[in-house]
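Q: What follows is a single structure, and I will ask about it in a moment.
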Amino acid sequence: MLSCASMAGEGWNMAKPGWVYMMASQPRGTLYLGVTPNLINRVQQHRTGHFEGFTARYGVKRIVWNEHHADIADAIAREKAMKFWKRDWKISLIEELKPRWDDLAVGWGFPPVGD
């Protein structure tokens, strides 16, 4: 049986996966771009106001876009690059797949967020 240490030494990818995500207060409202290794938990934290700051202050609770990466380092790099995007580019990315800005979390079993 191979140990994790021996697998890592033999080219096994032991990277932790990650997610880049965008949340919104409402369709075309305030946007938040973030990165996390656990998307479900992070959405729950945003929706319950666990974090003081931007998302709580502006009522940003609706997840409208996400992108999975096999390695969290790639997710962090993508998020950093997207931070420089114009707002219109982010809106276009969301509306390519979700023109009505549907809250993806509802499909994951979360209750709808009021507007």
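The values are calculated or read from the model by the stated rules, or taken from the named source; none is laboratory data. Just so we're clear, the structure is a prediction, and the values are computed from it rather than from any experiment. Cβ atoms come from the backbone with ideal geometry, glycine included; neighbour counts cover every protein chain shown.
Q: Looking at the range 78-97, can you tell me whether even one residue there is acidic (D, E) and closer than 23 Å to K16 by Cα?
A: Within the range 78-97, one or more residues are acidic (D, E) and closer than 23 Å to K16 by Cα.
Q: Of all helices (runs of 4 or more DSSP H) completely enclosed by the range 46-115, which ones contain at least 2 residues that are in contact (Cβ under 8 Å) with a residue 12 or more places away in the chain, hydrophobic (A, V, I, L, M, F, W, C) and within 22 Å of R28 (Cβ to Cβ)?
A: The qualifying helices (runs of 4 or more DSSP H) are 87-97, 104-107.
Q: Looking at the range 98-107, which of its residues are loosely packed, with under 13 Cβ neighbours inside 10 Å and within 23 Å of P17 (Cα to Cα)?
A: Passing the criteria: only G107.
Q: Report yes if V20 is buried (at least 17 other Cβ atoms within 10 Å of the Cβ), modelled with pLDDT of 95 or more and in a loop (DSSP other than H, G, I, E, B), otherwise no.
A: It is false that V20 is buried (at least 17 other Cβ atoms within 10 Å of the Cβ), modelled with pLDDT of 95 or more and in a loop (DSSP other than H, G, I, E, B).
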